[in-house]
Number of protein chains: 2
Amino acid sequence: MINYPGSKKVYQRTTTSGVTSRRGMSLEEDLNRTNEQYLIREIAVVHKKPTPIQIVNVDYPSRNKAKITEAYFRQASTTDYQGVWNSYALDFEAKETRNKTVFPLAALHQHQIDHLTAVHRQGAIAFLIIRFSEYDETYLIFAKDLLPFIKDTTQRSIPYKWIKQHGHSVAASYQIPCNYIPVIAEVYQKGVSYE
Amino acid sequence: MINYPGSKKVYQRTTTSGVTSRRGMSLEEDLNRTNEQYLIREIAVVHKKPTPIQIVNVDYPSRNKAKITEAYFRQASTTDYQGVWNSYALDFEAKETRNKTVFPLAALHQHQIDHLTAVHRQGAIAFLIIRFSEYDETYLIFAKDLLPFIKDTTQRSIPYKWIKQHGHSVAASYQIPCNYIPVIAEVYQKGVSYE
């Protein structure tokens, strides 16, 4: 038996004039909820990687309990999300911006670009999910489109217009607030439809 | 340009009567070194996941420095190693035992078995790497063989003999001390040969 994580949180949503809205929910929360649903429905298995921590000192106040008393954040060497869909390795980073005209490339670290490059070359389905929170719009940009742009650009940002043109719009529903798998399924020509 | 991690450590090995030996090197160290080489040679991209930590308190002794002063270890919900080879998602756990006759199942947590089950069903190449350190022998056991055994057994262990029969021996070399990809390549009938 698979021990699925229960959906513990109450999910709040406000609907304004027919537009599905997730105001107040971060992209990370939406992805957690989405990945939970994907796991339960056996659509995909995707997890967020833990933040890497350098542990310096640990106390043992009682026999079974280890208390970390000194530690530091380390820079991650990979993207945040990894998993499997339909045998394929999935690998992506997710970023949110309040900027209305560009996605600032400062939000993407060089090691994340290097990692996306490496997994893309190895045949993983590698991509970036960008949410423009002011528009409540979420896009998936595949590494094959993203990496040449980043390599060629002299700008420190990706224009919103470019993302709208080369990215794929990610739909939201109450149950699956960041439903990125149908985008992948369509591009990989499986014709799979979810919800 | 991909920023490959340099091989910083000096790797020590003693060779006794023609047998490749990695005495003193843990399976984890061997896998780190192996995965580094796989990354450099573009054979596969595999990383060990960071240990999940519950952070309770953070101090900021200076403007740029965050010092974690209270944190606890959390139970991981996945296996330790994930990556991509030849488009396939790779997902595995690695364990070492000094036991000479069995691999104790207590070393495998239920959540790891659940996770292996989920990714195996989703088509990932899921497996367990077990090293019998007293014999200096390392085996790869695919989830398709491992999971039915665990489900059916009433024992709290997997016999060494069963592993020798159903597992695949993993070769070691100076450069690649836990060379598991050729086992996978052979089973997945690509006929790829490394080293």
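The values are calculated or read from the model by the stated rules, or taken from the named source; none is laboratory data. Remember, it's a predicted structure, so these values are computed and weren't measured experimentally. Cβ sites come from the backbone with ideal geometry, for glycine too, and all protein chains shown count toward neighbours.
Apart from one condition, B:K49 fits all of (1) within 14 Å of the chain's Cα centre (by Cα); (2) facing another protein chain (nearest Cβ under 9 Å); (3) exposed (fewer than 14 other Cβ atoms within 10 Å of the Cβ); the exception is (3). When the residues of the stretch A:36-76 are filtered to those that are free of Cβ contacts under 8 Å to residues at least 12 places away in the same chain and among the polar types (S, T, N, Q), the one that is nearest to A:Q110 (Cα to Cα) is A:N64. If you go through the stretch B:141-159 and pick out every residue that is away from chain A (no Cβ under 14 Å) and surrounded by 21 or more Cβ atoms within 10 Å (Cβ to Cβ), you end up with 3.
All told, A:W162 meets the bar of being more than 13 Å from chain B (Cβ to nearest Cβ) and either buried (at least 16 other Cβ atoms within 10 Å of the Cβ) or closer than 21 Å to A:D30 by Cα (or both). Scanning the stretch A:54-109 for residues that are touching a helix residue (DSSP H, G or I) at 6+ places or on another chain (Cβ under 8 Å), within 12 Å of another protein chain (Cβ to nearest Cβ) and of a type in the set (A, V, I, L, M) gives A:A76, A:V84, A:A89, A:L90. Identify the single condition in (1) part of a helix (DSSP H, G or I); (2) without any contact (Cβ under 8 Å) to a residue 40 or more places away in the chain; (3) more than 28 Å from A:H47 (Cα to Cα) that B:D145 does not satisfy, given that it satisfies every other one. So B:D145 meets the others, but not (3).
When the stretch A:49-87 is filtered for residues that are at pLDDT 95 or above, assigned to a strand (DSSP E or B) and not aliphatic (A, V, I, L, M), the ones remaining, listed by number, are A:Y81, A:Q82, A:G83, A:W85. Looking across the stretch B:115-127, the residues that are assigned to a helix (DSSP H, G or I) and either touching a Phe, Trp or Tyr at 6+ places or on another chain (Cβ under 7 Å) or buried (at least 16 other Cβ atoms within 10 Å of the Cβ) (or both) come down to B:H115, B:L116, B:T117, B:A118, B:V119, B:H120. Quick check on the stretch A:52-85: of everything there that is crowded, with 18+ Cβ neighbours inside 10 Å and polar (S, T, N, Q), which residue is farthest from the chain's Cα centre (by Cα)? Across the stretch A:52-85, the extreme among qualifying residues is A:T78.
Scanning the stretch B:148-184 for residues that are over 24 Å from B:H109 (Cα atoms), in a helix (DSSP H, G or I) and at pLDDT below 95 yields no hits at all.
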